[in-house]
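Participant: Below: one structure in structure tokens.
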Amino acid sequence: VFGAASYLWLQTLDGGEAERLFEGSAFERAPAFSPDGRQLAFVHGAYGKEEVRVFDFENRQMRTLASGPTNWGLSWSPDGQRLVFVERGAPARVVAVNLNDGKKEKLTETRRLRNGRPHLSADGQSLYFSDRPPGGFLTLYRLRLTDKAQREPVTQLTRHLNAALVSPDGKWLAFQRNSELWVAPLGNEPVREEHIRQLSAEGGDTFAFTPDSSAL
């Protein structure tokens, strides 16, 4: 599933023709598959109102999970029970919404709205998110979601990064610089310039890890 011309499209990986996923003239963006591949979350915009919606591929049902301020960077919890995203405000908030009861929980605040892509660790116990420290470059942080822990810097770079993601297995970091894709093994934290390497000179508008963490 990918976005083009303000709509979402579905295409099989065997080279089949892309088809629009939904009907109508609303803007659609930020698609995110659930861990089991059975549901798709995305942002639906119409008449100046934006909603986080979830579509079930099996029963073809659609429901609205959240509405209100502009939302960015949808991602699923590893167990498929929550959606995490950035909610616009002053400052912006990283929130998690429970799919069963719709309860919303603020996880942290951030000054980074676009391309922040907050996401949970594989065990669901830590949040990765981007923020800009005063006078510094955009940094990826880890926040352990227990005991009121403090954010920990995962990166300490001397140039900017965008849309940073940690792989599902927790072993790799990937991020964008302009249209380039860069990667680094995790373990030597914080990640510095000498730890990273360019994976591709052309990375497009967005990227994602494959579920087995072997490719971008």
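Participant: Among (1) of a type outside the set (Lys, Arg); (2) open to solvent by 20 Å² or more (accessible area, probe 1.4 Å); (3) on the phi < 0 side of the Ramachandran plot, which single condition is Gly37 missing?
Facilitator: Failed condition: (3).
Participant: Keeping to segment 104-145, report how many residues are of a type in the set (A, V, I, L, M), more than 16 Å from Leu161 (Cβ to Cβ) and in contact (Cβ under 8 Å) with a residue 40 or more places away in the chain. Before the answer, list the steps.
Facilitator: Going through segment 104-145, the residues of a type in the set (A, V, I, L, M) turn out to be 107, 113, 120, 122, 127, 138, 140, 143, 145.
Imposing the further condition that a residue be more than 16 Å from Leu161 (Cβ to Cβ) reduces the set to 107, 120, 122, 127, 143, 145.
Among the residues that remain, those that are also in contact (Cβ under 8 Å) with a residue 40 or more places away in the chain are: 120, 122, 127.
Within segment 104-145, residues that are of a type in the set (A, V, I, L, M), more than 16 Å from Leu161 (Cβ to Cβ) and in contact (Cβ under 8 Å) with a residue 40 or more places away in the chain number 3.
Participant: Based on this model, can you work out whether Pro31 counts as open to solvent by 70 Å² or more (accessible area, probe 1.4 Å) and either at pLDDT 95 or above or of a type outside the set (Gly, Ala, Ser) (or both)?
Facilitator: On the way: open to solvent by 70 Å² or more (accessible area, probe 1.4 Å): no; either at pLDDT 95 or above or of a type outside the set (Gly, Ala, Ser) (or both): yes.
Taking the combined requirement at face value, the residue does not satisfy it.
Participant: OK, next. Taking the residues in segment 89-145 that are of a type in the set (S, T, N, Q) and open to solvent by 30 Å² or more (accessible area, probe 1.4 Å) as candidates, determine which candidate is nearest to Pro168 (Cα to Cα). Give the derivation first.
Facilitator: Going through segment 89-145, the residues of a type in the set (S, T, N, Q) turn out to be 98, 100, 108, 110, 115, 121, 125-126, 130, 139.
Filter again for open to solvent by 30 Å² or more (accessible area, probe 1.4 Å), leaving 98, 100, 115, 125.
Numbers: Asn98: 21, Asn100: 23, Asn115: 18, Gln125: 13 Å.
The extreme case among them is Gln125.
Participant: Condition check: part of a strand (DSSP E or B) and under 17 Å from the mean Cα position of the chain (by Cα). Does Ser67 satisfy that?
Facilitator: On the way: part of a strand (DSSP E or B): yes; under 17 Å from the mean Cα position of the chain (by Cα): no.
In short, no.
Participant: Does segment 87-100 include one or more residues that are over 20 Å from Arg117 (Cα atoms) and out of contact with any His (no Cβ under 9 Å at 6 or more places or on another chain)?
Facilitator: Kept after step one, since they are over 20 Å from Arg117 (Cα atoms), are these residues of segment 87-100: 100.
After this cut, where a residue has to be out of contact with any His (no Cβ under 9 Å at 6 or more places or on another chain) as well, the list is 100.
For segment 87-100, residues over 20 Å from Arg117 (Cα atoms) and out of contact with any His (no Cβ under 9 Å at 6 or more places or on another chain): present.
Participant: Among residues belonging to segment 168-199 that are without any contact (Cβ under 8 Å) to a residue 24 or more places away in the chain and surrounded by 15 or more Cβ atoms within 10 Å (Cβ to Cβ), point out the one that is farthest from Ser130 (Cα to Cα).
Facilitator: Here is the first cut: in segment 168-199, the ones without any contact (Cβ under 8 Å) to a residue 24 or more places away in the chain are 177-178, 180, 182, 184-185, 187-188, 194-195, 197-198.
Going one step further and asking which of them are surrounded by 15 or more Cβ atoms within 10 Å (Cβ to Cβ), we end up with 177, 182, 184, 195.
Numbers: Arg177: 14, Trp182: 16, Ala184: 16, His195: 19 Å.
Here the residue is His195.
Participant: Give me a count of the residues in segment 6-30 that are within 25 Å of Asp212 (Cα to Cα) and either in contact (Cβ under 8 Å) with a residue 40 or more places away in the chain or in a loop (DSSP other than H, G, I, E, B) (or both).
Facilitator: Going residue by residue through segment 6-30, those that are within 25 Å of Asp212 (Cα to Cα) are 8-16, 18, 29-30.
Next cut, either in contact (Cβ under 8 Å) with a residue 40 or more places away in the chain or in a loop (DSSP other than H, G, I, E, B) (or both) only: 11-16, 18, 30.
Summing the residues that are within 25 Å of Asp212 (Cα to Cα) and either in contact (Cβ under 8 Å) with a residue 40 or more places away in the chain or in a loop (DSSP other than H, G, I, E, B) (or both) in segment 6-30 gives 8.
The values are calculated or read from the model by the stated rules, or taken from the named source; none is laboratory data. Since the model is a prediction, treat every value here as computed from it, not as a measurement. Because the Cβ atoms are built from the backbone with ideal geometry, glycine has one as well, and the counts that use them run over all protein chains shown. These accessible areas exclude ligands, DNA and RNA; they are computed on the full protein's heavy atoms, side chains included. Shrake-Rupley method; radii C 1.70, N 1.55, O 1.52, S 1.80 Å.
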